[in-house]
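Please read the structure below before turning to the comments.
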Amino acid sequence: MPLDRLPQTPYGAVYFRKSNPPRDDWDRDYQTAAEDGMNVFRHWFMWSAIERKPGEYDWADFDRQLDLAAKNGMRTVIAELTHTVPDWAWRKWPEARQKRVDGSEVKSGMGVSAATGGFANNGGGAGALSMNCPEVKAAAGAFLTALATRYKGHPGLLGYDVWNEVNYSPDVDYSDFMKADFRLWLKEKYGTLDALAEAWYRYSYAEWDDIEPPYEVAAYPQNLDWLDFKRDNFYGQMQFRIDTIRAVDTDCMIAAHGVGGAIQNMAAGGSDDWLAASKVELYGLTWVPSRRGFAPWQNFFGPDITRSAARGKKWWHAERPAGPLWLQPQVLGRDKEDGRVMEPEDIRTLTMTSFAAGATGVMNLRWRPLLDGPLFGAFGAYGMDGSRTPRSDMQSKIGKWANAPGQGELFAARPVKGDIGLLVIPEAQAWDYLLNARHRPQTYREAMWGAYRGFFDNGIQADWVHIDDITGYDAIYAPYPIMLTSEHAKQLADWVEAGGKLISEATPGYFGDRGKVGTTQPNNGLDVVFGATEDEVEFMPDIGDRIHLALEGVPVQGGGFLQSYTLTTGQDRGHFADGRLAVVENRFGAGRTLLVGTHPGAGYFNAPGGDNLRYFAEVFAWTGKTQQVVLDNPSLQARLHTSDGQKVLWVINSTREAQEARVTIAGAAAELGSAYWAEAGALATGDRITVPPRDALVVRLD
């Protein structure tokens, strides 16, 4: 089976990107890596660097990587980069160059993460040439076939990573090839131009060739179709890569990794972690605090969404930094300690956070830094010359620990299901993107991240739950459900009726199929589920911070929109400051609902702590559930793992001081057992723990 060859804990780095590291260092670097506990290297097999002339492949450097892996007892993940376009292909197929909405071509240039040519200059992962062009697709397929044929069965091979970071730029593609395939997609969906006319409100298409993709980002049905088509198109190309490799090698592992971007970039840029993970045996993520921020909730967020998207499959932190990031716009103006440098203790904190969230492996996005290009010196644990550093020593220590035979049972355990689910509705994000593209409020992102952080800061594990997966949860919080298709609205209603507990922020399903506003709100029959109808609504997210309400006497800071209600079968549970009804509780079938007429998640994102921190504790208490793990010190984060009745507690201390806490498991005092990981100063006795600064404690529960 493809995953049978995985090490106990895959642990390593991205090593070779053609321009770096220097050829003379390879033997020494591999020996050092193996001595330091590395068991996997991933390399970028760039089409633009290998097929130097049509049909002429230069494999020499890449052969050497796999041979050195086999010699040193390591395994290789081949990262196929067919989106790096050979310069001869750029010249040969000018009609296939991807185009932006204004007609300008996406250029082929240097890649900042490789200092090598062939990369699209828009930064997206779809490449500079359109794979909708049959000739380009055939050429890329021929390269993949040659690649898989050459390395099939190699003792140094572990598998493939397809479509690096799984995304595309929002500004592509308006080439003739893409337009033609869009028309075919529409014909398949609607069948006739008359049906399309009714759906789009475009009544004068005489031929399918009259149809053009929408040239503005706006809230219309045609734009929803364009977003859906782009997703289907580019993920179809991902499947083509997989199928081409699999046609040659039926045995190898095929993996992929995103950027934990589903909440901010699923609609516009295709970062659909659920869809991507469904196509591969092992999924992962790039998560770099220097680009995201180094707060504990941020370090957990990316791994948490990847774990949820993997739907029970193994996943890894495919790219974790272990060195600084210089001169890049994401770090300018931030404190040195906020991810701009990585001290050994930061590597420990970040790695153990990923393990606590459920990662089955960790790889550094550079074994050693690049020597060329804008990302010189970035991310590597080892020195510019490949020498060991205190950072690499820490990395080595963790890797050897994670792969020691005694840790087998630890890494066989998996995280328990979260205390509550956070509802992810793809069409809600899509519609928010289309509504707000011009003036760019970030209400969706703020509401989603704010709700996650609100529970996180209360020590409540909230899992991201795709709406197609709600039957696996008994309690769900919906942060920003502004659009629901009729199918998804029924799905949600049926789930509540069967016994689910739903807490929803304002305007649930306000926009229905094709973005149409319902004349009765909540829309699509959800008024019956929530036991109330809309009284008034206000869409003023720019002044949403002025919204205030009380939930059973608890003050709540609002955000985003305001929706007040009139009771039908529900009960009054709170009011806005001006007296309008703000919160409604209802019973529907065997389930219960709580409807809150604003977006406290957005409020918490912009003003964390205070009343809204208590709000998230109160709405969780409303579910009647008991937290699986409670620590009486909010500076610590805990996760519970289980396997065959054995329970393991992971506790992370991201602060620069030792922290103490009392541990409660399922409402009772914990009985802490032996430790898997406990550095100097750590303590676990009875139900009390001490965790050293920027460190972790991993203990068995008796």
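The values are calculated or read from the model by the stated rules, or taken from the named source; none is laboratory data. What you are looking at is a predicted structure, and each value in this text was computed from that prediction instead of being measured. Positions of Cβ are generated from backbone atoms using ideal geometry, with glycine treated the same way; all protein chains shown enter the neighbour counts. Only protein heavy atoms, including side chains, enter the accessible area calculation; ligands, DNA and RNA are left aside. Shrake-Rupley method; radii C 1.70, N 1.55, O 1.52, S 1.80 Å.
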Inset, instruction - Would you check the accessible area of Lys516, probe 1.4 Å, heavy atoms only, in square angstrom rounded to 10? - result: 120
Inset, instruction - Would you mind getting me the FRET efficiency between Asp210 and Asn121? Use the beta-carbon distance for r and R0 = 22 Å, nearest 0.05. - result: 0.10
Inset, instruction - Pop a pseudo-label 7 angstrom from the Cα along the beta-carbon direction at both Asp545 and Gln646 and give the gap in nm to one decimal. - result: 5.0
Legend entry - region 619-702: relative contact order as a whole-number percent, Cα under 8 Å and 6+ apart: 31
Legend entry - Computed over the chain: relative contact order in percent, which uses C-alpha pairs under 8 Å that are six or more apart: 10
Inset, instruction - With a Förster radius of 51 Å, plug the Cβ-Cβ distance of Glu671 and His439 into 1/(1 + (r/R0)^6) and report the FRET value to the nearest 0.05. - result: 0.40
Inset, instruction - Just list whichever of Lys99/Lys490; Lys152/Lys647; Lys71/Lys314 have alpha carbons separated by over 30 Å in the model shown. - result: Lys99/Lys490; Lys152/Lys647
Inset, instruction - Whenever you get a sec, line up His83, His439 from highest to lowest accessible area (probe 1.4 Å, protein heavy atoms). - result: His439, His83
Legend entry - DSSP bridge pairs, the chain: antiparallel proportion in percent, nearest 5: 60
Legend entry - Long-range HN-HN contacts of Glu536 with modeled amide H, under 5 Å: Ser564, Tyr565
Inset, instruction - Describe numerically, in nm with one decimal, the distance between label points set 7 Å from Cα along Cα→Cβ at Asp24 and at Asp385. - result: 1.1
Inset, instruction - Just tell me, in residue order, which DSSP H segments of the chain are both 24 angstrom or longer along the helix axis (alpha-carbon based) and at least -1.0 in mean Kyte-Doolittle hydropathy. - result: 134-151, 221-248
Legend entry - Simple spin-label estimate for Glu660 and Ala607 in nanometres, 7 Å along Cα-Cβ: 3.5
Inset, instruction - Would you tally the net charge around His43, using a Cβ to Cβ cut-off of less than 15 Å, leaving His43 out, and scoring K and R as +1, D and E as -1? - result: 0
Legend entry - For Asp457, solvent-accessible area (1.4 Å; no DNA, RNA or ligand), Å²: 50
Legend entry - Those lysines that a straight Cα-Cα span of less than 21 Å connects to Lys53, excepting residues fewer than 8 apart in one chain: Lys18, Lys92, Lys107, Lys137
Inset, instruction - Distance between Cα centroids, region 474-538 to region 261-310: provide it in whole Å. - result: 26
Legend entry - Accessible surface of Arg28 - all protein chains present, 1.4 Å probe, nearest 10 Å²: 100
Inset, instruction - Multiply the residue gap between Lys71 and Asp372 by 0.36 nm, knock off their C-alpha separation, and tell me the result in nm, one decimal place. - result: 105.5 nm
Inset, instruction - Give me the number: length gained by fully extending Asp535 to Arg414, i.e. 0.36 nm times residue separation minus the C-alpha to C-alpha distance, one decimal in nm. - result: 39.0 nm
Inset, instruction - Assuming R0 = 30 Å, can you tell me the calculated FRET efficiency for the pair Arg91 and Val248, based on Cβ-Cβ distance, to the nearest 0.05? - result: 0.60
Inset, instruction - About the Cα centre of the chain, how large is the charge dipole given +1 on each Lys and Arg Cβ and -1 on each Asp and Glu Cβ? Please answer in debye to the nearest 20. - result: 1540
